[in-house]
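Undergrad: The structure that follows is given in the form of structure tokens.
We did not get these values from a lab; they are worked out from the coordinates using the rules stated. Here the structure is a predicted model, which is why all the values come from computation and not from measurement. Virtual Cβ from ideal backbone geometry, glycine too; neighbours counted across all protein chains shown.
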């Protein structure tokens, strides 16, 4: 195997990435890091206004915005089609879009359940299927990174049963998909964030599921960039021999007596 110099290990020049839910929060942090590493970045997001504003912070010649509802099969297909038309390939797929409304099971409607499962899980299936088809067609492998959660491993709080079901399922789906796509040199891995301080975690400025930093061994809540750095590693040559893994980014919360 060719020995790469350290700068080459994270050089993504010539690669094209899609980041779903990439207009803000963790998704935008990921988009920034991939762009800094030289990748062309397609931000796919349902929020057109925020997406257009976000695009102003990335190099225009290396970025593109696609308004997409990733629960729609036709819109996911169009997302991949626009990416290839704009940059000629799809090499990195980051499935980051997701929601986590809080509601106990006994108060949950079927509509509540379906909305979370469709947004968090079905969207990942659709994007992985279409993204993998394109990567196989190109014939030089690829990287798929699916956003799980510490809830893929342990429940965070009562009221997130539908969210936990979706995140557990992403972990199981990703392991099986990693086996299926390995012959095509397409790696599939999961990132599992813990308590990350983003706009989405603070509706109206309040974090309803916030935990004290004293409960986190590293002493602070995570940032979008904490997650983005891990995604960058998985998208780069640093992680060429990793597939079917889950990487927890939680400051050690799962190690605590309350978290384990």
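Undergrad: What does the C-alpha gyration tensor say about the overall shape of the stretch 39-186? Classify as rounded when a/c is under 1.5, otherwise prolate if a/b is larger than b/c, or oblate.
TA: Oblate, since a/c reaches 1.5 and b/c is not below a/b.
Undergrad: Turning to a different aspect of this structure: Taking neighbour Cβ counts within 10 Å as the exposure measure, how do 100, 241, 163 sort from fewest upward?
TA: By the 10 Å Cβ count, ascending: 241, 100, 163.
Undergrad: If you project the alpha carbons of the chain onto their three principal axes, what span does each projection cover, largest first, in Å?
TA: 48, 39, 37
Undergrad: Just want the ordering: 28, 173, from fewest to most Cβ atoms lying within 10 Å of their own Cβ.
TA: 173, 28
Undergrad: Still on this structure: Please report the spacing between the Cα centers of the stretch 11-68 and the stretch 114-174 in Å, no decimals.
TA: 19 Å
Undergrad: What Kirkwood radius, in Å to one decimal, follows from the Cα pairs of the stretch 87-138?
TA: Final number for the Kirkwood radius of the stretch 87-138 is 12.9 Å.
Undergrad: Points 7 angstrom from Cα along the Cβ direction at residue 240 and residue 215: gap in nanometres?
TA: In this crude label model, residue 240 to residue 215 measures out at 4.2 nm.
Undergrad: Under the rule a/c < 1.5 gives rounded, and otherwise a/b versus b/c splits prolate from oblate, where does the stretch 1-108 land using the Cα gyration tensor?
TA: prolate
Undergrad: Indicate the gyration tensor shape class of the stretch 26-65 (rounded, prolate or oblate), computed on the Cα atoms with a ≥ b ≥ c the square roots of the eigenvalues: a/c under 1.5 is rounded; otherwise a/b larger than b/c is prolate and the rest oblate.
TA: Prolate.
Undergrad: Just grab the label-to-label distance for residue 161 and residue 175, each label 7 Å out from Cα along the Cβ direction, in nm (one decimal).
TA: 2.4 nm
Undergrad: I would also like to ask the following. What whole-number distance in Å separates the alpha-carbon centres of the stretch 230-250 and the stretch 179-198?
TA: Distance between centres, Cα-based: 7 Å.
Undergrad: Sticking with this structure for a sec: For the stretch 99-187, what D do you get in µm² per second when you plug the Kirkwood radius from alpha-carbon pairs into Stokes-Einstein at 37 °C and 0.692 mPa s?
TA: 234 µm²/s
Undergrad: Starting with the fewest neighbours, write out 18, 238 ranked by other beta-carbon atoms found within 10 Å of each beta-carbon.
TA: Taking fewest neighbouring Cβ atoms as first place, the list is 238, 18.
Undergrad: On to the next question. For the chain, what is the percent of antiparallel DSSP beta bridges, rounded to the nearest 5?
TA: 0 percent
Undergrad: Take the Cα of residue 78, step 7 Å along the line toward its Cβ, and report every residue of the stretch 126-150 whose backbone nitrogen sits under 19 Å from that point.
TA: 126-131
Undergrad: Next question, about the same structure. Using 12 Å as the cut-off for backbone N distance, which residues of the stretch 155-197 belong to the label zone defined by a point 7 Å from the Cα of residue 136 along Cα→Cβ?
TA: Counting only backbone N, you get 180-186.
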